[in-house]
Amino acid sequence: MIPDKAPREDVLYAAGDLKKEAHVPSFEKYKELYIKSIDNPDEFWGDIAKDFYWKTKHTGQFLDYNFDVTKGEIFVKCMEGATTNICYNVLDRNVHEKKLGDKVAFYWEGNEPGDESTVTYRELLQQVCRLANVLKSQGVKKGDRVSIYMPMVVELVVAMLACVRIGAVHSIVFAGFSAESLCERILDSQCCLLITADGFYRGDKLINLKVIADEALHKCRDKGYLVQRCIMLRHLSKVEEAEVTPLGSQSPPAKRPCPDLQQDPQRDRVKKTRPVPQVPWNPKVDLCWHGLVCVASEECEPEWCDSEDPLFILYTSGSTGKPKGVLHTVSGYMLYVATTFKLVFDYQPSDVYWCTADIGWITGHSYITYGPLANGATSVLFEGLPTYPDVSRMWEIVDKYSVTKFYTAPTAIRLLMKYGSEPVTRCKRTSLKVLGTVGEPINPEAWQWYYTVVGEKRCPVVDTFWQTETGGHVLTPLPAATPMKPGSATFPFFGVVPAILNESGEELEGPSEGYLVFKQPWPGVMRTVYGNHQRFETTYFKKFPGYYVTGDGCRRDKDGYYWITGRIDDMLNVSGHLLSTAEVESALVEHEAVAEAAVVGRPHPVKGESLYCFVSLRDGVTYNRSLEAQLRKQVREKIGAIATPDYIQNAPGLPKTRSGKIMRRVLRKIANNERDLGDVSTLADPSVIEQLFENRSCSDV
Ligand code: WTA
């Protein structure tokens, strides 16, 4: 399945220096370890587990599972019998056993240049213990769910780990979601407590987070569900005095000086030159973060949890509309994210690592919080935007902290590509060693720009394919071991066994294209949909019994490399030919005039479906008929006449979620001139919609 030798042609190799120190320095070593991970998982993962702290050791086999719905209930159990605590492993173990107490855990870089702070492992442990004690004093117990709705601040990590320390289950809701979405998630997970903040800035825009959180709590109340407590962090407004009113008091919150806040390293991080949010206060439920933590103890014995106890819930959108609460559990997730982080970014103790994702998404959970902290890494935690105050911001931060490993999304790369190379080359970037991408297929043109302009061909690019459901990377290069092919996520990570199936569920061998599935679990795979195990089985296991179905299409080339072609629901069938929208998009983006493209299907009376293409042009280029003709030719030349676009439309902006995913569902409606767009609450910028309707390129057939 994996070739014995890496191909030599049409591939790019990592620079020599990286190989010298790398954990997995060659393709042969990768293959050797891969075989061990499949043939002898107990030994492979057992060795890794030795580095972690276990209150009690596991008994029996490392993984026990059923992946076949026809044989009974789907389940995965990892390290049964073991007890541990992730918070202990990522903090206490680093501070006490590994003597990393003074090491910086996070460099926090605010939205506004100049807003900054640092937190060491020891300080993080103290803050976490204090908040954990606060949660306990507010009645939160092991197994209870806590919703977290916060901006990208260190206290978001503190809140996650405080939950984990006491065995409570966090459910983080991305701070860009609406009150309605927050309410829906609170109701589904039946959270007893919400942790939020006063507000934050995204670029120039003030987001009154507490106002939105209150609206969500009202909606919950209207539906008969009462969230008993809401802890609010003052991020933008003054924290010198903290509200210490007991709950239930009708008077406005009493303030009292909080001496410990004078020592709070986070205290002066935001320069108070901008308007601060007005904070609505409901004395029946609201509590002040600082008022509580400044009187809480720094000692908190962790709650020892079973391997398969729930760790967190994270909601991900489902094809039926209602989000699914993906549930991860303790031991398997911990080992898997720690190992993928270490090997995929080839983590070394001197690294400064930066993942630009938001912690509100799985990438932030696994590769800002748990993976890096489990390795004792130093990370940058960035609150702001890649284009604020200007488009050099990312590279300025890379230089400021001498970032060595950098992880971002293709959409960010394409956005920055629009502005050319000067904003990048203006900064030095000499510290960079490994570049990563995640979230969607990266078109070879963006890959090349990232590799050539950002990394100056020195840094391998790891194109990591994975999902909220998979917990961590499942198909990915290892930077010093895997020869790269631009646009391919290359090979499986350790313990992962992919296959490609056709529509009838038959496994395809050799070069082929079809459904990407996995044949057996790895430690980090999700365990269930919270509160709805049946939905878990139906969504992922029913279509092809015996396999976990990713929902993504995939091609395997002659060298065994895997190429994700996009969601299967983004596959189009034009005149009986299966086409990947990502493939057509990539062809369009290769034209020098195009910055970004999104392709959807439009029903066609003869062909079944036709290709409707939305294109965003680079700055300074104007849209006209001749360009349209060139684009058609381009796609025909790159893929074939079958892929010739039927419609091309100028799209100055594309509808995206706040995490940058293009909302193809909305584009399909626009292509069809259907005004009923359904739920668009996750749309980052609703104003693009009207313009897209105005620019529609065709009259209705
Ligand atoms: C897509 C994000 C191609 C894919 C970690 C997957 C990718 C979905 C890649 C999961 C990649 C993620 N190449 N496609 N490297 N990474 N995807 O749950 O369609 O937000 O199913 O997890 O993103 O998105 P999610």
Query raised in the report: Which ranges mark the strands (runs of 3 or more DSSP E) fully within region 140-245 that have 3 or more residues being touching a strand residue (DSSP E or B) at 6+ places or on another chain (Cβ under 6 Å) and within 29 Å of Ile86 (Cβ to Cβ)?
Result: 145-149, 169-172, 193-197, 229-233
Requested in this report: Would you point out the residue of region 462-488, among those that are in a loop (DSSP other than H, G, I, E, B) and touching a Pro at 6+ places or on another chain (Cβ under 6 Å), that is nearest to the ligand (Cβ to nearest atom)?
Outcome: Gly487
Query - Extreme residue, nearest to Tyr547 (Cα to Cα), among residues of region 489-504 that are part of a loop (DSSP other than H, G, I, E, B) and either in contact with a helix residue (DSSP H, G or I) (Cβ under 6 Å, 6 or more places away or on another chain) or at pLDDT 95 or above (or both) - result: Val497
Requested in this report: Specify the residue that is surrounded by the most Cβ atoms within 10 Å (Cβ to Cβ); the eligible residues are those in region 478-536 that are of a type in the set (Phe, Trp, Tyr) and more than 26 Å from Asn443 (Cβ to Cβ).
Outcome: Trp522
**Report entry** region 537-560, residues that are touching a Phe, Trp or Tyr at 6+ places or on another chain (Cβ under 9 Å) and away from the ligand (no atom under 13 Å from the Cβ)
**Finding:** Phe541, Lys543, Phe544, Pro545, Gly546, Tyr547, Arg556, Asp557, Gly560
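Okay, residues lined up against (1) away from the ligand (no atom under 16 Å from the Cβ); (2) among the aliphatic types (A, V, I, L, M); (3) surrounded by fewer than 23 Cβ atoms within 10 Å (Cβ to Cβ):
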{"site": "Leu335", "(1), (2), (3)": "yes, yes, no"}
{"site": "Ala338", "(1), (2), (3)": "yes, yes, no"}
{"site": "Tyr367", "(1), (2), (3)": "no, no, no"}
{"site": "Thr387", "(1), (2), (3)": "yes, no, yes"}
{"site": "Phe406", "(1), (2), (3)": "no, no, no"}
{"site": "Leu415", "(1), (2), (3)": "yes, yes, yes"}
{"site": "Lys418", "(1), (2), (3)": "yes, no, yes"}
{"site": "Val424", "(1), (2), (3)": "yes, yes, yes"}
Report task. Please give the number of the condition Tyr401 fails out of (1) in contact with a helix residue (DSSP H, G or I) (Cβ under 8 Å, 6 or more places away or on another chain); (2) modelled with pLDDT of 95 or more; (3) away from the ligand (no atom under 16 Å from the Cβ); (4) not acidic (Asp, Glu). Result -> (1)
Report summary line: Residues in region 9-32 that are surrounded by fewer than 17 Cβ atoms within 10 Å (Cβ to Cβ) and assigned to a helix (DSSP H, G or I) total 8
Query - Lys5, sole failed condition from (1) surrounded by 15 or more Cβ atoms within 10 Å (Cβ to Cβ); (2) farther than 30 Å from Val391 by Cα; (3) in contact with a Phe, Trp or Tyr (Cβ under 8 Å, 6 or more places away or on another chain) - result: (1)
Query raised in the report: Since Leu182 meets every condition but one in (1) surrounded by 23 or more Cβ atoms within 10 Å (Cβ to Cβ); (2) touching a residue at least 40 places away in the same chain (Cβ under 8 Å); (3) not β-branched (Val, Ile, Thr), which condition does it not meet?
Result: (2)
Requested in this report: Take region 536-581 and flag every residue that is in a loop (DSSP other than H, G, I, E, B) and either among the polar types (S, T, N, Q) or modelled with pLDDT of 90 or more (or both).
Outcome: Lys542, Lys543, Phe544, Pro545, Gly546, Tyr547, Asp557, Lys558, Asp559, Gly560, Tyr561, Ser575
Query raised in the report: In the list Thr59, Thr70, which residue meets the criterion of being at pLDDT below 95 and of a type in the set (Val, Ile, Thr)?
Result: Thr59
Query - Condition met for Arg393 (surrounded by 20 or more Cβ atoms within 10 Å (Cβ to Cβ), within 16 Å of the ligand (Cβ to nearest atom) and more than 16 Å from the chain's Cα centre (by Cα)) - result: no
Requested in this report: Output the residues belonging to region 294-310 that are of a type in the set (A, V, I, L, M, F, W, C) and either farther than 28 Å from Pro523 by Cα or surrounded by 19 or more Cβ atoms within 10 Å (Cβ to Cβ) (or both).
Outcome: Cys294, Val295, Ala296, Cys300, Cys305
Report task. Select from region 330-362 the residues that are of a type in the set (Gly, Ala, Ser), part of a helix (DSSP H, G or I) and either under 12 Å from the mean Cα position of the chain (by Cα) or under 21 Å from Lys433 (Cβ atoms) (or both) and list them in ascending order. Result -> Ala338
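The values are calculated or read from the model by the stated rules, or taken from the named source; none is laboratory data. Treat the numbers as computed from the prediction; the structure is a model and nothing was measured. Ideal geometry is used to build each Cβ from the backbone, glycine not excepted, and the neighbour counts take in all protein chains shown.
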